[in-house]
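Here the structure comes first, spelled out in structure tokens, and everything after it is commentary.
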Amino acid sequence: MARTPLDLDELVEHWTLLKDEQALVSGKRGATRLGFAMLLKFYTQYGRFPRNRAELPGEAVEFVARQVQVPASELESYDWAGRTVEYHRAQIREHLGFRECSVADAEKLTAYLAEHVAHKERRPEQVRVELLVRCRADSVEPPTSGRCDRIVAAALRAAEESLTALISSRLTAESIERIVALVAGADQDDDGPAGGGAEGENAPPVLAKVKEAPGNVSLETMLTEIDKLLAVRAIGLPRDLFIDVAPKVVAGWRARAAVESPSHLRTHPVPLRVTLLAALLHERERDHRHAGGAADLHGAPDRGTGGEEGHRAADQRVQEGVGQGEHPLQARRGVAGHPGGDGRSARSCSRRCQGARRRCGSWCTSSRPGGRSTGVRCRPR
């Protein structure tokens, strides 16, 4: 990608030698004088030294060369790896009040990033940006690229260990046991049944069902989603489990748990394993609540109630219906079963009655604007 040429305003602002800087340059001659001046102005602007001549803009070299009265071509003979450049760097650090990054500085930077940055930001490139900002604020010369990578990785790891320990401490022993059981069974294949409450020999494990995306809209997929929600609630996760964790961090944990196989999840330490799976379950339950209730996962929420109040009302109707022996889907929709007990749905009964042009005494559907229906008794023509 081509670099944008510097205009005159940028050259004057960032590459003009001040009086105290001119005093430092005055005792040097030729290529040494121009090279020192370029190192000084580059460090003042970026907080580090250039790695080679290619990092110095040509316009800036010409601009500084005119100030120190040395031809710009002299910079080609400046030694970038000898004792002279090391002495120049030491002079510039002393003049600007900076120091090289020591082991103690690296540990301090790691602790700062882990506590103030990596708890909310998990992208290494963004943590690295904050590292460079902190180095400049502490008057510490940024470490080499490889050392920066190690500091960032250590900060992310320390923050993750701290967060996962906090999350796991908020769970009861019973909840942790149920979560661990989702990926239990190291001697079983990943595709085979695992712990966590699979029903029957051929039933898929709970974790596999939770990971599955909803299919096309149908009664079967609605019932499947209800089963998922009930399985998630059976774990017993507190609703405020991730209340003080950044949403994008929780989303990252969920995505990680969704793609890792059970055998891979089993290799993590227990706090990390529990946190990843809890994030997946917590986000799945939240998705179901926001979808409008336990059974209305693919449709619109009740229009008589709104927001969380509507969700609570839907959940209450589901529980009341189940307690009376009614299927949760019927409890949610408010449609009773066919009196004849033949298991026909309200929609199929409606079509049959309309075709026969007679009163059957069963419950049928009456269309409303917007595509919604309500249960009403058939009436003769």
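Please treat every number below as a calculation from the coordinates, not as lab data. If you're wondering where the values come from, they're calculated on a predicted model, not measured in any experiment. A quick note on method: Cβ atoms are made from the backbone with ideal geometry, for glycine too, and the neighbour counts reach across all protein chains shown.
For this structure, a couple of remarks:
- Simple spin-label estimate for R233 and E174 in nanometres, 7 Å along Cα-Cβ: 1.6
- The base-10 log of I(q)/I(0) for segment 8-96, evaluated at q = 0.13, 0.18, 0.19, 0.22 Å⁻¹, reads -0.35, -0.71, -0.80, -1.14 [Debye formula, identical scatterers on Cα atoms, solvent excluded].
- Cα centroid separation, segment 239-277 to segment 135-160 (Å): 25
- For V127, neighbours were defined as the other residues whose beta-carbon sits under 11 Å from its Cβ, and their charges (Lys and Arg +1, Asp and Glu -1) total +1.
- Once backbone amide H atoms are built at 1.01 Å from N, V70 has no partners under 5 Å, excluding neighbours fewer than 5 places away on the same chain.
- The 3J(HN,Hα) values that the Karplus relation (6.51, -1.76, 1.60; θ = phi - 60°) gives for segment 111-128 are, in residue order, 5, 5, 5, 5, 7, 10, 10, 5, 5, 10, 10, 9, 7, x, 5, 6, 5, 5 Hz. Gly and Pro appear as x.
- Kirkwood-type radius of segment 52-117, with distances r between different C-alpha atoms, in Å: 15.0
- Extension reserve of the Q22-R3 stretch, reckoned as 0.36 nm per residue once the Cα distance is removed: 4.0 nm
- For W80, W15, order by how many other beta-carbon atoms lie within 10 Å, fewest first: W80, W15
- Summing charges over all other residues whose Cβ lies under 15 Å from the Cβ of R83, with Lys and Arg as +1 and Asp and Glu as -1, gives 0.
- Subset of K41/K108; K228/K248; K19/K108 violating a 30 Å alpha-carbon distance limit: K19/K108
- Across all directions, the shadow cast by the convex hull of segment 103-169 built on its C-alpha atoms averages 4.2 square nanometres.
- Residue-span extension gain [T84 to A111] - 0.36 nm each, minus C-alpha spacing: 6.2 nm
- Computed over neighbours whose Cβ is under 14 Å from that of G252, the net charge equals +2, Lys and Arg +1, Asp and Glu -1.
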